[in-house]
Structure formats: structure tokens, C-alpha cells
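What follows is a single structure, written as C-alpha cells, with notes after it.
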Amino acid sequence: MEHANTKIAAVHQNFAAVQGILSCPLCHQPLKLQNNSFCCPQGHCYDLSAKNYLNLAPQKKQNTNLYTTELFKARRQIFEAGLYNPLLEKLQSICQAALPADNSQQSLLLDAGCGEGFFASKLYQQIKALTVCALDLAKNAVQLAAKGPVRPGFYCVIGDLANLPLLDNTVDIMLNLLSPANYLEFARVLKPGGLLIKIIPGAEYLKEVRQALQIHAPERAERQALDLWQQHISPLQTQVHKLTYQKPITAEQAAAFVKMSPLSFNHQPNAVQADFSQITIDLRILIATIYN
Ligand SMILES: [Zn+2]
């Protein structure tokens with residue numbers, strides 16, 4: 001019991017620092033920490049979990065049939081193996097360049113659609129001037145992100161990126177990595193001059209997985225994601241970086257790639273022959289400074 005009390009006290013102390021940032025997802029008013037709950041002036045309350053996260057979307061239904069804990073564990077396994085390290089390094093240098101040169105103040109990065117939190121966690125570890133909020137609607141993903149000791153300035157939140165539980169003009173850097181976007185919400189919570197970083201799959205992304213699943217039409221995802229971006233953000237404002245590489249992988253990693261892919265949702269993953277020994281990572285990194 002004492003252990004649990006100590007843990008919730010540490011969680012409380014950490015989250016006390018994000019008062020003034022979080023908002024009620026129902027009425028959008030500021031949330032204040034009272035005991036171990038965040039409450040708005042209308043009386044909507046959200047309890048902190050002793051497991052180191054805050055659920056700001058308790059009314060949302062969890063889609064655990066598609067977004068299984070197994071899927072998020074497969075993702076974690078792939079990320080931990082270093083297969084996305086070139087992306088991580090790129091993100092690190094983009095964030096670093098956007099921060100005040102003298103490191104005089106903490107900047108807030110919101111990872112909207114963080115999944116199991118690998119990138120949020122690494123950026124938090126590597127860049128001392130960043131405070132990081134890792135947000136996802138999937139409870140099992142956020143629980144994985146929140147595992148381990150409380151880290152000051154690292155916040156895990158269950159929340160809807162189409163109805164972000166943050167006040168206006170609070171975020172310095174918005175990261176949206178291989179996840180759906182809501183640009184109106186992103187612009188609302190970003191500070192004027194804040195940075196938006198969006199990662200979308202290129203035409204060759206995970207082509208080995210698509211071949212194994214016998215899925216075609218590779219360009220569609222990239223086209224749709226680019227169209228949506230361009231509806232909200234002018235090409236003049238946009239920097240595009242292309243990141244393409246191939247890595248050798250083990251049979252176990254090939255199986256994990258199939259398991260973690262939303263493309264496999266219509267398949268029985270165990271019925272798929274994951275007999276490829278290299279993987280193609282082909283990504284577009286879109287960056288814009290937002291002024292509205
Ligand atoms: Zn409220």
C-alpha cells in the first residue's frame with residue numbers, strides 16, 4: 001500500500017507542473033489539480049492513475065480489437081531494435097534547431113498519436129530543454145508509454161487528437177508521426193511561431209509488408225496525407241525532407257512488422273508468410289512554422 005501511495009504522490013507532483021496547460025475535453029475550460037484529480041470549473045473531474053498517466057478521454061470507446069497491446073508491443077520491439085534510429089536522429093536535430101539557442105527555458109513538445117511512446121520518450125531523454133506530453137487515444141498504448149519510474153517533465157495522457165485536452169497557444173513543438181492529423185486542433189494549441197512536424201509514409205514504405213499481405217495501391221496513403229496537409233498549410237510554408245533507407249531484419253522482426261501494421265487488420269496475421277529479410281523505410285517529414 002505504501003508503495004502505491006508513494007507512486008501516486010510522485011505522479012501528482014509531476015502533473016502539478018502542467019496545470020495551466022491542460023483543458024477539459026468536455027467544456028474546454030482549464031483543469032486544476034485537486035487531490036489526485038484534475039477538475040474543471042464545471043465539475044468534470046479526471047483521476048490521475050498511480051500507473052503514471054492521466055485519462056482525459058474516459059468517455060471515448062477504446063478500439064482494442066484493432067489496437068491491441070500486442071500490436072503496440074510489436075512496434076516497441078521494432079523501435080528498440082534501432083530500425084527507426086535514422087528517423088529519431090532527424091527528429092532530434094529538427095527539435096534542437098527549433099529550441100532557443102541558450103536553452104534558457106523549457107519548451108513543450110506534444111506527441112499527438114504517440115502510440116507506445118518510443119519517440120516521445122527518446123526525445124525527452126535526449127533533449128534536456130524539452131518537456132514532453134505523449135498523447136494517444138489508445139489506453140493500452142499510453143500504459144506502455146507510462147511504464148517505469150515517474151520522469152519529471154514527461155507526461156502520458158489518454159486523449160483525442162481531434163479534441164485535444166490542451167488550452168490554446170500552449171505547445172512549442174507538435175509531433176504527429178504516422179498517425180491521423182487534425183490540423184485545426186494542432187494550430188489551436190500551438191503557440192504562434194510553433195513548429196509542426198508531420199511524418200507520413202512514402203510510396204515505398206514497408207513495401208515488403210505490403211507484398212507479404214498482397215496489398216497494392218501504395219501511393220494512396222502518401223497522396224491523401226499530403227492533400228490533407230496542403231488543405232491547411234501552404235506549400236510556401238512547408239519544408240519536406242525525404243528519408244529512405246533499407247535495413248536487414250530477422251525473421252522475428254519481419255513477423256513483428258506484419259503484426260504492427262494497420263495494413264494487416266483485414267488479415268489473420270498468423271496466416272501471413274513474413275518471409276522477407278530486409279525492410280524499406282521510406283518517409284516524408286513535413287515541417288511548418290504555424291502563425292495563427
Ligand atoms: Zn469541464
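Which ones in the stretch 17-40 are under 22 Å from the mean Cα position of the chain (by Cα) and either surrounded by fewer than 12 Cβ atoms within 10 Å (Cβ to Cβ) or of a type in the set (D, E, K, R) (or both)?
Gly20, the sole residue that qualifies.
Which condition number does His44 fail, the rest of (1) surrounded by 16 or more Cβ atoms within 10 Å (Cβ to Cβ); (2) within 17 Å of Leu166 (Cβ to Cβ); (3) touching a strand residue (DSSP E or B) at 6+ places or on another chain (Cβ under 7 Å) being met?
Evaluating His44 over (1) surrounded by 16 or more Cβ atoms within 10 Å (Cβ to Cβ); (2) within 17 Å of Leu166 (Cβ to Cβ); (3) touching a strand residue (DSSP E or B) at 6+ places or on another chain (Cβ under 7 Å) leaves (3) as the failure.
Please name all residue pairs, on different chains or six or more residues apart, with Cβ atoms under 7 Å, provided the first residue is in the stretch 110-138 and is in contact (Cβ under 8 Å) with a residue 60 or more places away in the chain and at positive phi and the second residue is among the aromatic types (Phe, Trp, Tyr) and not in a loop (DSSP other than H, G, I, E, B).
Matching pairs, first to second residue: Gly115/Phe72.
Output yes when any residue across the stretch 52-59 is under 16 Å from the mean Cα position of the chain (by Cα), modelled with pLDDT of 95 or more, small (Gly, Ala, Ser) and over 28 Å from Gln239 (Cα atoms), and no when none is.
Taking every residue of the stretch 52-59 in turn, at least one turns out to be under 16 Å from the mean Cα position of the chain (by Cα), modelled with pLDDT of 95 or more, small (Gly, Ala, Ser) and over 28 Å from Gln239 (Cα atoms).
Going through Glu204, Glu222 one at a time, which residue ends up being in contact with a Gly (Cβ under 7 Å, 6 or more places away or on another chain) and either surrounded by fewer than 19 Cβ atoms within 10 Å (Cβ to Cβ) or assigned to a helix (DSSP H, G or I) (or both)? Lay out the reasoning, then the answer.
Details: Glu204 fails: in contact with a Gly (Cβ under 7 Å, 6 or more places away or on another chain).
It is Glu222.
For the stretch 161-196, how many residues meet the condition of being touching a helix residue (DSSP H, G or I) at 6+ places or on another chain (Cβ under 9 Å), crowded, with 18+ Cβ neighbours inside 10 Å and in a strand (DSSP E or B)?
Number satisfying all stated conditions: 11.
Determine which single condition Ala74 fails, assuming it passes every other condition in (1) more than 16 Å from the ligand (Cβ to nearest atom); (2) farther than 19 Å from Ser179 by Cβ; (3) touching a residue at least 60 places away in the same chain (Cβ under 8 Å); (4) surrounded by 15 or more Cβ atoms within 10 Å (Cβ to Cβ).
Of everything listed in (1) more than 16 Å from the ligand (Cβ to nearest atom); (2) farther than 19 Å from Ser179 by Cβ; (3) touching a residue at least 60 places away in the same chain (Cβ under 8 Å); (4) surrounded by 15 or more Cβ atoms within 10 Å (Cβ to Cβ), Ala74 misses just condition (2).
Given (1) within 16 Å of the ligand (Cβ to nearest atom); (2) closer than 30 Å to Gly193 by Cα, identify the lone condition not met by His44.
With (1) within 16 Å of the ligand (Cβ to nearest atom); (2) closer than 30 Å to Gly193 by Cα applied to His44, the lone miss is (2).
Name the residue that is farthest from the ligand (Cβ to nearest atom), counting only residues in the stretch 14-24 that are modelled with pLDDT of 95 or more and farther than 16 Å from Asn169 by Cα.
Checking each candidate, the answer is Asn14.
Name the pairs whose Cβ atoms lie under 8 Å apart, with the first residue in the stretch 219-240 and free of Cβ contacts under 8 Å to residues at least 60 places away in the same chain, the second crowded, with 16+ Cβ neighbours inside 10 Å and in a helix (DSSP H, G or I), and 6 or more positions between them or separate chains?
If the second residue must be crowded, with 16+ Cβ neighbours inside 10 Å and in a helix (DSSP H, G or I), the pairs left are Leu228/Tyr183; Trp229/Tyr183; Gln231/Tyr183; His232/Tyr183; His232/Ala187; Ile233/Tyr183; Thr238/Trp229.
Quick one: Asn52 ticks every box in (1) without any contact (Cβ under 8 Å) to a residue 12 or more places away in the chain; (2) away from the ligand (no atom under 16 Å from the Cβ) except a single one, so which number is it?
Result: Asn52 passes all but (1).
The values are calculated or read from the model by the stated rules, or taken from the named source; none is laboratory data. Note that the coordinates shown come from a computational prediction; the quantities given were computed from them, not determined experimentally. Cβ atoms come from the backbone with ideal geometry, glycine included; neighbour counts cover every protein chain shown.
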